[in-house]
Structure formats: C-alpha cells, structure tokens
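Every number here is computed from the coordinates shown, using simple stated rules; none is lab data. This is a predicted model, so every value here is computed, not measured. Cβ atoms come from the backbone with ideal geometry, glycine included; neighbour counts cover every protein chain shown.
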Amino acid sequence: MKRLKTPILITLVLLGGYIVYLKQCGPFKQNTATHTEDLLNWVTTQQGSIHIQTFTGDSLTTQPQLVIVIHGDAPFSNPGYQYRMADTIAQHNKNTIAIGLLRPGYTDPTGNTSAGAKGLTNGDNYTSEVLATISETIQKLKNHYHPAKTILVGHSGGSAISADIAGMYPGLVNAVVLVSCPCNLQAWRWHMFRKQTFNPVWLLPVGSISPAQVAGDITDSTRVILITGVDDDITPIAIPYQYYKQLKTLHKNARHIALTGKGHEILLEDTVVKTISGLLNQQ
C-alpha cells in the first residue's frame, strides 16, 4: 500500500497545478473587454459586455414580441447558429424582434467575445453568476423594447440555462423552449462520463444549477416546451422527459415534443421554428 502513495500524491499535485493553470490562462480566465452598449450588438452588464445579434420582422409595433436564442456548450466550435435561428424566427413572424445571444466567455465565428469565463464545457457554465448576467441582459432588452411577450429559446446547455432562468427569475419571460435539454444536470453528467469512456472531466465538481432543482419556482403561467430528438445520444430523451414529468407533477404549464429519427443538433429543425411561431401567434 505504501508504494501507491507516491504516484497518487504526484497525480494530485499535477492535477492541482493543471487546475490553477486553467483558472489563470485557460477556459476559466475572465474576459473583461468592454464595448459601447447599443442594445443591437452589445449589452452592458455588471460582469461586462455581452454580444448579441438583433433581427427584426416586418410590421413592428411599439410593443413587439421578443425572442432570445441561447446556444449550447459548443465544446469544439465557436457558436453562431443562435444567430441563424434568430434570423429565421424574425423572417417567419411579424412584429417580432429575435436576438441571438453569445453566452458569457464564448467567442463567435467572427471573433466577438462576451465577457465572462467559458469553463470546461462539462456542465460547469450554468452558475448563478452566468444566470445573473444573462437575466440582466434580458431585462435590459425588455426595458428597451417593451415587448408584449418574451420567449427564451435554448439549445442543449443553453436550454439548461433557459430553464434555470425560468425558475430563478420567475416571470422574467413568458415562455421557454428547451431543445435537447440536459435538465437534470447530475444525470446528464453521469451519462457523459460513461459516454466518453469514463473521462474524469465529468467528475470534477461544478457550481452549476440544475433545472430540476428550481423547477418548482417556475410560475404557473410560464409556458415550458421541451423538444427532444428520439435518437439523441448527447442528451438521451429520458433526461428531458423526466424533467417534463417533474413539471407536470408540479402542475406547471409544460409540453414535451419528441422528434423521431432526430439526434442532438435539432435547433434549426422546422418543428422547432413552427413551435416558436405558434407561441408568438397565440393571444
């Protein structure tokens, strides 16, 4: 047994040093760049500047409908698909302002970076600080546009953030559309640990908030629609469906849509666009 102590000690020291490095130089490093707030491309928050792209539909009134789209964890790319979704929503719906939001710490394909720290993309970016920053961004946009209705759309990790916001900031939005949602953070991280051949990054402690923890605080009037691919191997359908059942038990206004033959990357699917349009057209 004594022979094992030295290798274990060395491993712990190296792991500790690696974590210190990450916090100082890697994905935990805080981006603090500031930009002039125009509420079209940049929103100033207490944590710094958050990048957005704004798209407008036809026939805008003084009380437009507001849709905000949040991307997923995007571990291997700089996300820009939230902008494409926002553009699509604006094109398909009148009196609508649709905004793609770049999460704190992330950089998009054209080099814009939102303030904050990206993290390791292992479910560690749904913290109270991140939620506060995004909620502050949403509130600023609402104060600017005075929308008749506000809908938050999230994909994957962005849907976990959207569900968290619905629970932690009750009434901030009228509806959330949760696409491929890892709504039970513990169950999802355990799934990813096994899927990635016991990658220890999924065992690292995180300060994220699981949507399942705050489901009971969602207002009864808030619409919650979950959309999941039946063949999703990143977020297996059992995870969002379990969250849906939890919401129904809590008597929340929830609905679950399963897409046959579809996997994880379904944000831009016609069913998702039509579901959002349906919410916008409801009185």
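Miscellaneous remarks
- On the beta carbon distance between D231 and D58, with R0 = 45 Å, the FRET formula returns roughly 0.80.
- Remark on L259: its backbone amide H falls under 5 Å from those of T228, G229, V230, a criterion applied only to residues 5 or more positions apart or on other chains, H modelled at 1.01 Å from N.
- A258-R194 pseudo-label distance in nm [points 7 Å out on the Cα-to-Cβ vector]: 1.8 nm
- Interchain or long-range residues, amide H under 5 Å from V69's placed H: I99, G100, L101, V153
- Cα-Cα over 30 Å, subset of K118/K140; K94/K248; K149/K245; K94/K118; K149/K248: K94/K248; K94/K118
- Using bins of 10 Å that start at zero, the share of Cα-Cα pairs per bin across the chain amounts to 7, 29, 36, 19, 6, 2, 1, 0, in whole %.
- With at most 15 other Cβ atoms within 10 Å, longest stretch of the chain clear of loop chymotrypsin sites (Phe, Trp or Tyr not before Pro) (DSSP): 77-197
- Calculated from backbone phi, Karplus (6.51, -1.76, 1.60) coupling profile of the stretch 197-205 in Hz, x at Gly/Pro: 6, 6, 5, x, 4, 7, 9, 5, x
- Between the alpha-carbon centres of the stretch 35-51 and the stretch 132-151 there is a gap of 13 Å.
- For K149, residues with placed amide H under 5 Å, excluding near neighbours: L66
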